[in-house]
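To start, the structure itself, in structure tokens.
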Amino acid sequence: MKAVVCEEYGPLKSLAYKDVADPVAQGNAVVIRAKAIGVNYPDGLLVQGLYQMKPPTPFVPGMEVAGIVDSVGPDVTGLAPGDRVAALMQMGSYSELVSSPAAAVFPLPEKMDFADACALLCAYGTSHHALKQRANLQPGETVAVLGAAGSTGIGAIQIAKAMGARVIAVASTAEKQEVARDSGADECIGYDNLKDDLKKLTNGKGVDVLFDPVGGDAFDSACRAMARGGRLLVIGFASGRIPQLPVNLTLVKEFSVVGVFWGAFTAREPGQYASNMKELIGWYMDGRVKPHIEGCYPLSEAPAVLERVLGRGATGKLVLVPEGE
Ligand SMILES: NC(=O)c1ccc[n+]([C@@H]2O[C@H](COP(=O)([O-])OP(=O)(O)OC[C@H]3O[C@@H](n4cnc5c(N)ncnc54)[C@H](OP(=O)(O)O)[C@@H]3O)[C@@H](O)[C@H]2O)c1
């Protein structure tokens, strides 16, 4: 089968698209024929050696797959060839056939699109966990979402709306602001006068929750527009700069800075993770959330697709599809 392989850490263009051995379903493993493979920002960091995890090379990157069960190991119960499923893994999904422990595989409703299923994993999963467990978001509160046309950003807009909040979306271009508006944001603004605009839109009060996957200058401005009792969610640093927080701001406004690490959450709290996914799939089925899939690209084009995501060019979710699927 074909797979995308990181043979050694380096630029994205050094990823190899090559033949590797087919996986065999042993023990409690399930082999899935990929129909959609989710692309995530951290995949691009991982293969360049810029992520917190540094697996030995060679390895196949990718943490999301949705497709059809091809074969199951002898210890697997409750899953059979032909089932529509999705799976979350630390890496290994950028390939035609993907092996996953059965415990990480969940069945998909008949009507759920494979690309949408990938988006509901890391992107929506992170935003949901952040707003629900970490921020304890309440109906009527105001959430500002930075990087709002990105994959976690769109998830955050739709989930905050599903939870009854008001959403101010922040994105760099008119086109991205339009995508955020179409995703349900109540107001859309740029970064230029971020602190003043957030204050103005909240009548001087500031935002109750800040969802920040960007960091850098955007964080420096937005952390000065927090409401008293607010929660500042640290999601990521797509700007490339991990900001420093003057902690006197948290004293004056009595706001909290709250870290979010969805991967650790799924591993440490499997019961809560399963119940979050159930809620998300329910919201998807009744139309309250609907991922924005920017495009589906051939698996062989993974390096260019990752360049687009890491180069600030993408909106929503990008998906890879094996040849012939
Ligand atoms: N904590 C967790 O558990 C967790 C989970 C998933 C992802 N993350 C992290 O969250 C961050 C965003 O992930 P994502 O999936 O939302 O990514 P994404 O879809 O690529 O969106 C990121 C957004 O960041 C903004 N941005 C600002 N400066 C940028 C730059 N120099 N390069 C690229 N983007 C820039 C862009 O919006 P504008 O152009 O509008 O600014 C872009 O839409 C990443 O750092 C990722 O590693 C963390």
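List of remarks:
- Efficiency of FRET between N193 and E269 - r from beta-carbon atoms, R0 56 angstrom, step 0.05: 0.90
- Principal axis box of the range 121-263, alpha-carbon based, largest edge first, Å: 36, 32, 32
- Among V98, V305, V252, the residue with the largest mean-square fluctuation in a Gaussian network model of the chain, with springs joining Cα atoms closer than 10 Å, is V252.
- Relative contact order (percent, whole number), the chain, Cα cutoff 8 Å, 6+ residue spacing: 18 percent
- Positive contributions from Lys and Arg (+1) and negative ones from Asp and Glu (-1), summed over other residues with Cβ under 12 Å from the Cβ of A314, come out at +1.
- Equivalent-ellipsoid semi-axes for the range 271-325 (Cα gyration tensor, √(5λ), whole Å, largest first): 27, 14, 12.
- Residues of type lysines that K18 reaches as a straight line, Cα spacing below 19 Å, ignoring anything fewer than 8 places off in the same chain: K2, K35
- Against the chain, whose longest principal axis comes from its Cα atoms, helix 114-129 is set at around 40 degrees.
- Top of I281, I242, I68 by mean-square fluctuation, Gaussian network on the chain, Cα under 10 Å: I242
- For peptides 32-40, 313-321, sequence by mean Cβ density within 10 Å, most packed first: 32-40, 313-321
- The order of S151, S239, S100, S275, going from fewest to most other C-beta atoms within 10 Å of their C-beta, is S275, S239, S100, S151.
- The range 24-80 and the range 269-325: distance between their alpha carbon centers, rounded to Å: 15 Å
- Quotient of the Cα radius of gyration of the chain and 2.2 N^0.38 Å, N being its number of residues: 0.99.
- Helix 270-285 axis, angle to the chain major axis (alpha carbon atoms, nearest 10°): 80 degrees
- Checking the Cα-Cα distances for K200/K317; K111/K317; K176/K253 against a 24 Å cut-off, the pairs over it are K200/K317; K176/K253.
- Model label points for A174 and S14, set 7 angstrom from Cα along the Cα-to-Cβ axis, are 4.2 nm apart.
- Each other residue within a Cβ distance under 15 Å of Y9 adds +1 if Lys or Arg and -1 if Asp or Glu, for a net charge of -1.
- The range 181-245 versus the range 91-110: alpha-carbon centroid distance in Å: 35 Å
Computed from the coordinates by the stated procedures, all read-outs in this text should not be read as laboratory data. Treat the numbers as computed from the prediction; the structure is a model and nothing was measured. Don't worry about glycine lacking a Cβ; one is built from the backbone with ideal geometry, like all the others, and counts go over all protein chains shown.
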